Number of protein chains: 2
Amino acid sequence: MAITHAILASLVGDKPCSGYDLAKQFNSSLGFFWKASHQQIYRELARMEKKGLVMSEVVQQEDRPHKKIYRVTDEGTQYLVEWIALPTEPSPVKEDLLAKFHVGYHVPIHIIIDEILRRRKIHEEKLKLYYEREREYFPDVAQMSMKAKFRYLNLRRGITHEASWISWFDEALALLGGAAVE
Amino acid sequence: MAITHAILASLVGDKPCSGYDLAKQFNSSLGFFWKASHQQIYRELARMEKKGLVMSEVVQQEDRPHKKIYRVTDEGTQYLVEWIALPTEPSPVKEDLLAKFHVGYHVPIHIIIDEILRRRKIHEEKLKLYYEREREYFPDVAQMSMKAKFRYLNLRRGITHEASWISWFDEALALLGGAAVE
DNA sequence: ATTGAATATGCACTTATTTGCATATAGTTT
DNA sequence: AAACTATATGCAAATAAGTGCATATTCAAT
């Protein structure tokens with residue numbers, strides 16, 4: 001996915017913010033569909049401003065360095081809406097772990113088992129975090145605004161994604177004879 | 001994931017082959033963890049040969065253009081095995097559809113519904129293909145070599161991945177009031 | 001004969017990403 | 001006082017990845 005679209009979606013969908021804020025939003029819903037370094041973000045924001053998709057305003061702060069707050073222009077909004085209407089292909093999977101599994105029988109099995117256990121823990125913690133957020137922010141699924149529904153679905157995608165990893169890890173452990181988990 | 005690792009894994013795990021063959025293997029198990037254009041592959045193979053990770057042999061063919069068969073060197077194998085032992089982080093998700101959902105309430109709902117239905121069909125077809133391959137190549141899960149187990153698990157990862165997408169699409173359709181599927 | 005498909009390779013250009021460096025303010029910790 | 005953390009921005013260089021174009025052979029179809 002082009003970083004342009006991710007930034008536009010974030011600025012339109014949340015409030016106008018600085019590059020620093022964008023870089024931080026890896027924790028929030030933005031992190032479900034996009035990650036990038038702050039260097040990428042600053043550069044991309046500058047490019048987008050040159051193209052007229054966003055505009056910035058320098059905000060002087062007393063206790064912190066000044067910052068540039070970016071907001072989406074009408075042109076930017078239109079560009080985003082047009083992009084949404086275009087069909088989207090599934091993003092290609094590039095997963096290290098699967099490449100390792102492809103030749104996994106060439107290394108001692110404990111290396112693979114350890115790696116599965118390590119990765120499983122990472123995904124489990126993420127899943128737990130997502131469940132907590134689900135309980136906290138979306139307690140009443142029946143009563144939600146359109147915006148909330150979409151945010152909820154993105155969170156649900158994170159949940160199904162992590163859950164499918166975990167069930168696969170368990171399958172792998174069972175087949176490869178790894179220890180039971182916890 | 002670095003394309004280097006994917007190519008090495010493919011050459012070690014399957015048989016030595018040409019860049020053209022590698023590019024075609026998008027259909028087979030290779031496609032679960034890696035996609036690239038033939039241009040990328042040829043360039044990367046050339047680089048890897050310069051580094052000594054692979055070596056090539058030109059094979060003259062009577063009925064087709066000549067081709068270069070690449071095989072992994074001892075150095076390449078060692079490099080791959082060392083890489084496998086390194087821990088692997090989950091690959092960052094960059095999914096267009098989630099960015100679109102982030103601002104989905106800004107466009108008419110039928111655009112989103114249509115896109116869900118279209119994407120659902122793609123994932124369903126892939127899942128069907130994977131199930132067929134599972135029946136065909138792995139009929140007896142209890143009796144498998146180590147190599148077969150790893151191949152089976154990669155296929156299973158493809159299956160859990162696609163299945164999690166489909167269940168999410170159904171959830172989205174239910175919440176957004178889309179038509180029942182088929 | 002010419003077009004098209006499959007096999008087979010690759011250069012050149014462009015874009016994307018990563019890494020290292022650099023700067024600046026202010027508060028907190030040692 | 002010096003070091004560290006958090007906020008805030010950005011350039012430069014290197015590496016990686018992606019797109020467009022170009023070439024060559026053979027067979028099959030029109």
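Observations on the model:
Per-residue answers, yes or no, for (1) assigned to a helix (DSSP H, G or I); (2) without any contact (Cβ under 8 Å) to a residue 40 or more places away in the chain; (3) away from DNA strand C (no atom under 12 Å from the Cβ); (4) outside the structural domain of residue B:152 (by TED's automatic domain parsing):
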{"position": "B:20", "(1), (2), (3), (4)": "yes, no, no, yes"}
{"position": "B:34", "(1), (2), (3), (4)": "no, yes, yes, yes"}
{"position": "B:40", "(1), (2), (3), (4)": "yes, yes, no, yes"}
{"position": "B:45", "(1), (2), (3), (4)": "yes, yes, no, yes"}
{"position": "B:49", "(1), (2), (3), (4)": "yes, yes, no, yes"}
{"position": "B:65", "(1), (2), (3), (4)": "no, yes, no, yes"}
{"position": "B:68", "(1), (2), (3), (4)": "no, no, no, yes"}
{"position": "B:71", "(1), (2), (3), (4)": "no, no, yes, yes"}
{"position": "B:81", "(1), (2), (3), (4)": "yes, yes, yes, yes"}
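- Output for segment B:96-144, where each listed residue is within 17 Å of residue B:154 (Cβ to Cβ), within 18 Å of the chain's Cα centre (by Cα) and either at the interface with another protein chain (Cβ under 7 Å from one of its Cβ atoms) or open to solvent by less than 40 Å² (accessible area, probe 1.4 Å) (or both): B:127, B:130, B:134
- Check on residue A:69, aliphatic (A, V, I, L, M), under 30 Å from residue B:152 (Cα atoms) and at pLDDT 95 or above: no
- Meets criteria (farther than 30 Å from residue A:10 by Cα, part of a helix (DSSP H, G or I) and in the same structural domain as residue B:172 (by TED's automatic domain parsing)) for residue B:129: yes
- Matching residues, segment A:68-97, being under 15 Å from residue B:97 (Cα atoms) and among the acidic types (Asp, Glu): A:82, A:89
- As a summary of the residue check, residue A:86 satisfies the conditions (1) within 16 Å of DNA strand C (Cβ to nearest atom); (2) open to solvent by less than 10 Å² (accessible area, probe 1.4 Å); (3) without any contact (Cβ under 8 Å) to a residue 12 or more places away in the chain except for the one numbered (2).
- Qualifying position, being touching a Lys or Arg at 6+ places or on another chain (Cβ under 9 Å), at the interface with chain A (Cβ under 8 Å from one of its Cβ atoms) and within 13 Å of DNA strand C (Cβ to nearest atom), among B:93, B:54: B:93
- Among (1) in contact with a Leu (Cβ under 6 Å, 6 or more places away or on another chain); (2) open to solvent by 10 Å² or more (accessible area, probe 1.4 Å); (3) within 15 Å of DNA strand D (Cβ to nearest atom) - the single one residue B:41 does not satisfy: (2)
- Residue, nearest to the chain's Cα centre (by Cα), within segment B:21-38, restricted to residues that are near DNA strand D (Cβ under 9 Å from one of its atoms) and more than 8 Å from every other protein chain (Cβ to nearest Cβ): B:36
- Checked against the criterion of being farther than 13 Å from residue B:72 by Cα, touching a Phe, Trp or Tyr at 6+ places or on another chain (Cβ under 8 Å) and surrounded by fewer than 18 Cβ atoms within 10 Å (Cβ to Cβ), the candidates B:24, B:35 yield just one match: B:35.
The values are calculated or read from the model by the stated rules, or taken from the named source; none is laboratory data. The structure presented is a predicted model; accordingly, all values stated were derived computationally and were not measured. All Cβ positions, glycine included, derive from the backbone under ideal geometry; neighbour counts span all protein chains shown. The protein model used for the area step is the full one, side chains on, heavy atoms only, and it has no ligands, DNA or RNA in it. Shrake-Rupley method; radii C 1.70, N 1.55, O 1.52, S 1.80 Å.
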